[in-house]
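Asker: First, the structure itself, so that you have it in front of you.
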Amino acid sequence: MTSPLASYQYIGTPSEFARSQLFHGLIGGYDAPHGAFAYYRDYYPAYEILFVTKGKGTFKHANQWIDIVEGDCLIHDMRVPHAYKTEENNPFEMYYLVFDGIDMEHYWPRLFGEGAYSMLQSSPASLSELNVLLEQIITLMKDEDAPQELPISALLYQFLLEFYRIRRDLSGSHANSGYGGAEPESLQRAKAYIDASYLTFEDVSHLAGIAGLSLYHFIRQFKKQYGVTPKEYVLMKKVHHAKRLLISTSHSINEISIQSGFASYNAFLHAFLKVQHESPRDFRRNLRRS
């Protein structure tokens, strides 16, 4: 497939319905830097798909740098610090799509494992279908006057499933997943407990007991595997729960803070600001403006 000759970008403006019910595109386009290029970002509350069409460079997620070349495709959680650098004499070009979906945090571990990024390498022929799907999604984002929210959501869902299928068929030989490799059973037990009871969670030492590890070793291994501490993971789950209520109900902020497992409004506000980088009121207000 012939690559575009120049960079371009489209900005999505998803409606409140799309944000609360669908997969939705936020930013999409094609990046064709000339020569050396580097970009660093600490945090963004969404996910990103990258498909390298030519050239070489590196991608950083958390503290790990990964070589990327033509044909590579990766998906990553942008809440984790990340960066891109091109090779000066042969800079990579890529399609990119920043997207989100209210249930992505539940889809992610089922489709891609527990790392914060997943990557397909070595240009298997079936990756061309991913490229086509990505182009179709980005093209639909171009029409700002007639938003194509349902087709975009359907294509994004198709893309995620196709990525999963290829990754499964490759059985790990061409697929990488971020952070600590295979997920230890001890950490699986602890994480499953959090997923089932995060609204009433109180004691990290109890989790260490479920994992059968000392408290210090458990916290260190959990962060190595998942990129966040157990306490940070619990806060992310609670804030995600609150975001769903802010989008789908008219409950007051105070009511939502209680329903999301926080002992006080101040604790809720502090956690929401830390995870989402905006207040609950601003989050709800910005949704209604879209």
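Asker: Might you check whether a residue that is touching a residue at least 12 places away in the same chain (Cβ under 8 Å), at positive phi and out of contact with any Phe, Trp or Tyr (no Cβ under 9 Å at 6 or more places or on another chain) occurs anywhere in the range 30-39? I'd like the intermediate steps shown before the answer.
Answerer: If we filter the range 30-39 for residues that are touching a residue at least 12 places away in the same chain (Cβ under 8 Å), which is where we start, we get 30-39.
Narrowing the set further to residues that are at positive phi leaves 35.
Those still in the list that are out of contact with any Phe, Trp or Tyr (no Cβ under 9 Å at 6 or more places or on another chain) too: 35.
Scanning the range 30-39 turns up at least one residue that is touching a residue at least 12 places away in the same chain (Cβ under 8 Å), at positive phi and out of contact with any Phe, Trp or Tyr (no Cβ under 9 Å at 6 or more places or on another chain).
Asker: In the range 54-66, what residues are in contact with a Pro (Cβ under 8 Å, 6 or more places away or on another chain), open to solvent by less than 20 Å² (accessible area, probe 1.4 Å) and either at pLDDT 90 or above or in the same structural domain as Gly227 (by the TED database) (or both)?
Answerer: Scanning the range 54-66 gives Gly55, Gly57.
Asker: Taking Ile194, is it within 25 Å of Pro109 (Cα to Cα), at pLDDT below 85 and in contact with a Leu (Cβ under 9 Å, 6 or more places away or on another chain)?
Answerer: Details: within 25 Å of Pro109 (Cα to Cα): yes; at pLDDT below 85: no; in contact with a Leu (Cβ under 9 Å, 6 or more places away or on another chain): yes.
The answer is no for Ile194.
Asker: Quick one: which residue in Gly212, Gly172, Gly181 is on the phi > 0 side of the Ramachandran plot and modelled with pLDDT of 90 or more? Working first, answer last.
Answerer: Values: Gly172 fails: modelled with pLDDT of 90 or more; Gly181 fails: modelled with pLDDT of 90 or more.
Just a single option satisfies the conditions, and that option is Gly212.
Asker: Ile68 versus (1) assigned to a strand (DSSP E or B); (2) touching a residue at least 60 places away in the same chain (Cβ under 8 Å); (3) in contact with a Gly (Cβ under 7 Å, 6 or more places away or on another chain): which is the lone unmet condition?
Answerer: For Ile68, the failing item is (2).
Asker: With the requirement that a residue be open to solvent by less than 40 Å² (accessible area, probe 1.4 Å), of a type in the set (A, V, I, L, M, F, W, C) and closer than 18 Å to Phe268 by Cβ, what does the range 195-210 give you? Explain how you work it out, then say what you get.
Answerer: If we filter the range 195-210 for residues that are open to solvent by less than 40 Å² (accessible area, probe 1.4 Å), which is where we start, we get 197-198, 201, 204, 207-208.
Next, only the ones that are of a type in the set (A, V, I, L, M, F, W, C) stay: 201, 204, 207-208.
Answer for the range 195-210, where residues must be open to solvent by less than 40 Å² (accessible area, probe 1.4 Å), of a type in the set (A, V, I, L, M, F, W, C) and closer than 18 Å to Phe268 by Cβ: just Phe201.
Asker: If you don't mind, there's one more thing I want to ask. For the range 215-233, enumerate the residues that are aliphatic (A, V, I, L, M) and modelled with pLDDT under 90. Even if it seems obvious, please write down each step before you answer.
Answerer: First, the residues of the range 215-233 that are aliphatic (A, V, I, L, M): 215, 219, 228.
Val228 - this is the single residue of the range 215-233 that is aliphatic (A, V, I, L, M) and modelled with pLDDT under 90.
Asker: Filter the range 67-99 down to residues that are more than 24 Å from Val132 (Cα to Cα) and surrounded by fewer than 18 Cβ atoms within 10 Å (Cβ to Cβ), then give me how many there are. Before the answer, list the steps.
Answerer: Let us first name the residues in the range 67-99 that are more than 24 Å from Val132 (Cα to Cα), namely 79-83, 85, 87-89.
Restricting the remaining residues to those that are surrounded by fewer than 18 Cβ atoms within 10 Å (Cβ to Cβ) gives 81, 83, 87-89.
Looking only at that region, the number is 5.
Asker: Would you check which residues across the range 130-152 are in contact (Cβ under 8 Å) with a residue 40 or more places away in the chain and charged (D, E, K, R) and list them?
Answerer: Correct list: Glu135, Lys142, Glu144, Glu149.
Asker: Then there's this: Mind checking which residues of the range 120-141 are open to solvent by 40 Å² or more (accessible area, probe 1.4 Å) and modelled with pLDDT of 90 or more?
Answerer: Across the range 120-141, the qualifying residues are Val132, Glu135, Gln136, Thr139, Leu140.
Asker: From the set of residues in the range 143-155 that are surrounded by 13 or more Cβ atoms within 10 Å (Cβ to Cβ) and not in a helix (DSSP H, G or I), which is modelled with the lowest pLDDT?
Answerer: Going through the qualifying residues, I end up with Pro147.
Asker: Look through Met94, Met104, Met78 and report the one residue that is under 14 Å from the mean Cα position of the chain (by Cα) and farther than 23 Å from Arg168 by Cβ.
Answerer: Working: Met94 fails: under 14 Å from the mean Cα position of the chain (by Cα); Met104 fails: farther than 23 Å from Arg168 by Cβ.
Of Met94, Met104, Met78, the one residue that is under 14 Å from the mean Cα position of the chain (by Cα) and farther than 23 Å from Arg168 by Cβ is Met78.
Asker: Please name all residue pairs, on different chains or six or more residues apart, with Cβ atoms under 8 Å, provided the first residue is in the range 153-165 and is free of Cβ contacts under 8 Å to residues at least 24 places away in the same chain and the second residue is of a type in the set (A, V, I, L, M, F, W, C).
Answerer: Note: pairs meeting the criteria are Leu155/Leu133; Leu155/Ile137; Leu155/Leu140.
Asker: Let me ask something else about it. Considering the range 100-115 alone, what residues qualify as being within 30 Å of Phe17 (Cβ to Cβ) and open to solvent by less than 10 Å² (accessible area, probe 1.4 Å)?
Answerer: Taking the range 100-115 and keeping what is within 30 Å of Phe17 (Cβ to Cβ), we get 100-112.
Of everything in the range 100-115, those that are within 30 Å of Phe17 (Cβ to Cβ) and open to solvent by less than 10 Å² (accessible area, probe 1.4 Å) turn out to be Gly101, Met104, Phe112.
Asker: Can you confirm whether Ser20 is polar (S, T, N, Q) and either over 20 Å from the mean Cα position of the chain (by Cα) or farther than 30 Å from Thr249 by Cβ (or both)? Before you say what the answer is, go through the steps one by one.
Answerer: Values: polar (S, T, N, Q): yes; either over 20 Å from the mean Cα position of the chain (by Cα) or farther than 30 Å from Thr249 by Cβ (or both): no.
For Ser20, the condition - polar (S, T, N, Q) and either over 20 Å from the mean Cα position of the chain (by Cα) or farther than 30 Å from Thr249 by Cβ (or both) - is not met.
Asker: Looking at the range 3-18, can you tell me whether even one residue there is within 23 Å of Tyr233 (Cβ to Cβ) and either in a strand (DSSP E or B) or out of contact with any Pro (no Cβ under 8 Å at 6 or more places or on another chain) (or both)? I'd like the intermediate steps shown before the answer.
Answerer: From the range 3-18, those within 23 Å of Tyr233 (Cβ to Cβ) are none; that's our starting set.
Taking every residue of the range 3-18 in turn, none turns out to be within 23 Å of Tyr233 (Cβ to Cβ) and either in a strand (DSSP E or B) or out of contact with any Pro (no Cβ under 8 Å at 6 or more places or on another chain) (or both).
The values are calculated or read from the model by the stated rules, or taken from the named source; none is laboratory data. Since we're looking at a predicted model, the values are computed, not measured. So basically every Cβ, Gly included, is an ideal-geometry build from the backbone, and we count neighbours across all protein chains shown. Keep in mind that these areas ignore ligands, DNA and RNA; they rest on the heavy atoms of the full protein, side chains included. Shrake-Rupley method; radii C 1.70, N 1.55, O 1.52, S 1.80 Å.
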